[in-house]
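Heads up, the thing below is written out as C-alpha cells.
The values are calculated or read from the model by the stated rules, or taken from the named source; none is laboratory data. Model, not experiment: these values are computed from the prediction. Here the Cβ is made from the backbone with ideal geometry for all residues, glycine too, and neighbour counts use every protein chain on show. Side chains are part of the model used for accessible areas, which takes the heavy atoms of the whole protein and leaves out ligands, DNA and RNA. Shrake-Rupley method; radii C 1.70, N 1.55, O 1.52, S 1.80 Å.
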Amino acid sequence: MNIDKIIYNAVGKALKELYQSEAGGNQIQIQNTRKDFEGDVTIVVFPFLRFSKKPPEETAEEIGRHLLAHVKIIKSYNVIKGFLNLVIGNGYWLNILSEAYSTERYGIAPQEEKPELAMVEYSSPNTNKPLHLGHVRNNLLGYSISEILKANGKKVVKTNIVNDRGIHICKSMYAWQKWGEGKTPENSGMKGDHLVGEFYVEFDKHYKAEIAGLTEKGLTKEEAENQAPSILGARELLRKWEAKDEETVGLWKTMNQWVYAGFDVTYKKLGVDFDKIYYESDTYLVGKDEVLRGLEEKIFYKKDDSSVWADLTKEGLDQKILLRNDGTSVYMTQDIGTAKMRFADYPIDKMVYVVGNEQNYHFQVLAILLDKLGFEWGKDLYHFSYGMVELPSGKMKSREGTVVDADDLVEGMVKVARNMSIELGKLDTLSEEEAEKTYRMIALGALKYFILKVDPKKNMLFNPEESIDFNGNTGPFIQYTFARIQSVLRKADDSNIKVKNTFDISSFSDKEKGILKRVSLFPGIIKEAGDNYSPAVIANYCYELVKEYNQFYHDHSILSEPDGEIRNFRLILSSTVGKVVKTGMDLLGIEMPDRM
RNA sequence: GCCCCGGUAGCUCAGCUGGAUAGAGCAACUGCCUUCUAAGCAGUAGGUCAUGGGUUCGAAUCCCGUCCGGGGUACCA
C-alpha cells in the first residue's frame with residue numbers, strides 16, 4: 001500500500017482515539033518532508049488544533065507518540081512547530097525497491113477489465129503546406145497524452161482529421177496549373193508537402209501583385225481582393241471540385257497524395273502515428289445532413305437570406321452560423337459530421353480534441369451543439385487546449401515567412417547533436433549507422449523534452465537561433481544519465497558481479513532514501529499526468545529523479561565498493577531508476593540510447 | 001466593449017487541491033577528469049512571486065479590484 005494512505009488511515013485512527021473526532025477529507029495533510037528536516041513523511045497538525053484544543057507542539061507530540069506505538073513502519077518522529085515529521089524504517093523502502101525492481105515496466109497500470117475507450121484527435125493538418133513548429137507541439141502532446149492514457153489503463157484510438165478540401169488547397173492547385181510547369185516531387189526531388197506549400201506561397205505572391213495592380217487602377221481593396229484573376233481561378237476550381245469535375249478532382253487527388261507522402265515522412269521522424277484517419281472531404285456532407293436534420297427538428301433556424309443558425313443565447317453565448325446562405329458548410333458543420341462518423345465507427349467513451357487554445361470558443365459551442373442534436377456524448381467532449389508557440393519575433397505567420405518548418409527543425413537538431421557528439425568524441429566506438437541513430441535519438445529527445453516539459457496550457461517561447469540546450473533540464477541530460485546506468489550494468493555484468501534480488505543492508509543514506517521515495521511515487525505521477533492531461537508533470541518529475549540520482553552517484557564508485565551488499569543494493573537502485581526513467585520517457589515518446 | 005488564459009531570478013521554465021527558508025537550467029564567476037561516461041559534479045551571485053486589498057494560525061497558491069501581455073468574439077479553417 002502507498003505510504004501516504006497508510007499514514008492517512010493511521011492519523012485518522014489516532015485522532016479518533018485521542019480526541020474522539022472524525023477528521024476526514026483534506027483535513028489530514030500528508031506531504032514529503034523537506035530535505036532540511038529529519039524524516040520522510042510530514043503531517044501538518046494545524047487543522048487538528050480545534051479537536052485537541054492544545055498548542056500545536058503538544059498536539060503533534062501526542063499524535064506522534066500514538067503513531068509510533070501503533071504503526072510498525074514508523075521508526076521515530078520529531079516535532080517542529082506545527083509539523084510532525086515521521087521517519088519510516090528501512091524495511092519499507094527496501095520493499096519498495098524490490099517490488100519496483102521486479103516489475104517489468106514500472107508504474108504502468110494494466111489495462112482495465114472493461115477499459116474506457118478514449119479517442120484522441122491530434123495533428124489535424126491542412127493539405128496546402130508542410131507541418132510547422134505549432135504542429136510539432138500538437139503532435140507531441142497528442143501522442144504523449146495517448147500514451148499516458150494507455151498507461152492509466154484506457155484503450156486509446158489515435159485519430160487525425162485531415163482538412164483536405166477547401167479554398168486553401170485550390171489555391172495551390174491553381175498555382176500549379178498556372179506556373180507549375182509540370183513539377184512533381186519525383187522530377188523536382190522535393191518533398192511533396194513542401195512542393196505544394198511552395199505553390200501556395202506562389203499563389204499568394206501573384207494574388208498580392210494583382211491586388212496591388214487593381215487598386216492602382218482605382219478599385220477599393222475589397223473589390224480588388226474579390227476580382228483578382230487568381231482568386232477567381234481558385235474559386236472556380238473549388239466550384240468544379242464540388243461539382244465533381246473529373247479533371248479537377250484528379251489534380252486534387254494527385255496533389256493531396258504528394259502531401260500525404262510528405263506528412264508520412266515527418267510523422268515518422270517525430271515518432272507519432274494514428275490508428276484511424278478521417279478526411280474532411282468525407283465528413284463535411286455528413287455534417288450538413290445533421291444540420292438540416294436539426295433545422296427540421298427546430299433546434300436551429302433559418303434566416304431570411306436562407307443561412308442556418310443556432311441560437312445559443314440561453315447558454316450565455318451568441319448565435320452561431322452553421323450553413324452559409326449558399327448552403328455550403330462552415331468549420332463547425334464539418335466537426336459535427338466528423339463527430340457523428342467517429343461515434344458510429346467506435347464505442348467512444350471519451351473524445352479528446354488536441355487543438356490550440358485559440359479555438360476554445362469553437363469547442364465550447366461544439367459541445368453544446370452536439371448535445372442539442374441529441375448525441376449524449378456531446379457535452380462530455382474534452383478540448384485539450386494548449387498554448388501557442390511563439391518566436392522571439394512574435395507569433396508565427398506563414399505569409400511573413402516566419403514559420404519554423406518541422407522538417408528543417410528536426411534536421412537542424414540532428415546536425416547539432418552530431419557535431420556536438422563528434423566534438424566530444426562520445427560515440428567513436430560505434431558504427432556509423434549506430435552513431436547516426438543515436439544522434440537522431442538525442443536530437444529528438446532534446447526537441448520533444450523541450451516542448452513537453454512546458455505546461456501545455458501555457459504559451460511557450462521557442463528560439464530557433466539558440467536552438468535547444470543539451471545541458472541542464474533537457475532530454476539529453478536524462479538520456480545521458482540513462483546511458484550511464486546502462487554502462488554501469490554492462491560493467492557489472494562483465495565483471496560477473498551477481499545482482500541478487502534479495503538484499504539486506506542496515507542503513508542507507510538520506511540521498512539514497514530520497515531516490516527511493518521518488519521511485520515509489522512514480523505511479524502516482526503517471527496518474528496525475530493522466531488526470532491533468534499533462535506530459536509536463538512526468539517530464540519534470542523524471543528530471544528531478546535523474547538529477548538526484550546523478551548528483552549522488554557521480555562521486556561514488558558502485559563497482560569497486562568492498563562491501564558486496566552495498567554494491568548490489570546500488571546496482572539494483574541504478575537499474576530501478578533506469579527502468580522508471582525509461583518508462584517516463586516512453587510516455588513522452590523519447591527514445592533512450594544505451595550509449596552516448 | 002464583452003468572454004477566456006497568462007504575469008515567479010537578466011532569459012527559458014518548475015512549484016498553484018493553502019503549509020516550514022519560493023526551486024531548476026541557461027547566461028556570469030570559482031573549483032573538480034587514474035573510479036560507470038565532464039552532455040557531468042560541487043560552489044558563488046541573482047527574487048517586493050505584476051500590483052493593491054481581502055479570507056486565515058499560515059497565501060506564489062484561494063477571492064475581488066487595477067495594470068501589462070496573449071487569444072476569442074455571428075458566414076476563415
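Fully extending the segment from A:Val249 to A:Gln227 would add 5.5 nm, taking 0.36 nm per residue of separation and subtracting the current Cα-Cα distance.
For the Cα atoms of chain A, what angle does the longest principal axis make with the long axis of helix A:331-345, in degrees from 0 to 90, nearest 10? Roughly 60 degrees, rounded to the nearest 10.
Pop out the carbon and sulfur fraction of the accessible area of chain A as a percent, whole number, probe 1.4 Å. That fraction is 49 percent. Taking the centroid of alpha carbons for each part, segment A:356-412 and segment A:246-260 are 26 Å apart.
Placing pseudo-labels 7 Å out from each Cα toward the beta carbon at A:Asp510 and A:Ser76 gives an inter-label distance of 1.3 nm.
Taking other residues whose beta carbon is less than 14 angstrom from the beta carbon of A:Gly530, and scoring Lys, Arg as +1 and Asp, Glu as -1, yields 0. The peptide list A:348-354, A:94-100, put in order of mean Cβ contacts within 10 Å with the highest first, becomes A:348-354, A:94-100. Packing around the peptides A:447-453, A:324-330, A:281-287, taken as the average count of other Cβ atoms within 10 Å per residue, puts them in this order, highest first: A:447-453, A:281-287, A:324-330. Evaluated at q = 0.06, 0.11, 0.12 Å⁻¹, a Debye calculation over the C-alpha positions of chain A (equal weights, vacuum) places log10 I(q)/I(0) at -0.44, -1.13, -1.25.
Could you check the spin-label model distance between A:Glu432 and A:Asp264? Points 7 Å from the Cα along Cα→Cβ, value in nm. Going by the 7 Å Cα→Cβ label model, 2.8 nm.
Of the peptides A:458-468, A:569-579, the ranking by mean beta-carbon count within 10 Å, highest at the top, reads A:569-579, A:458-468. Helix A:360-372 axis versus longest C-alpha principal axis of chain A: approximately 80°, rounded to the nearest ten.
The spacing between segment A:108-164 and segment A:17-85, judged by their C-alpha centroids, is 43 Å.
Excluding ligands, DNA and RNA, the accessible surface per residue across chain A is 48 Å² with a 1.4 Å probe. The angle between the Cα long axis of helix A:246-270 and the main principal axis of chain A comes to about 20°, on a 0 to 90 degree scale.
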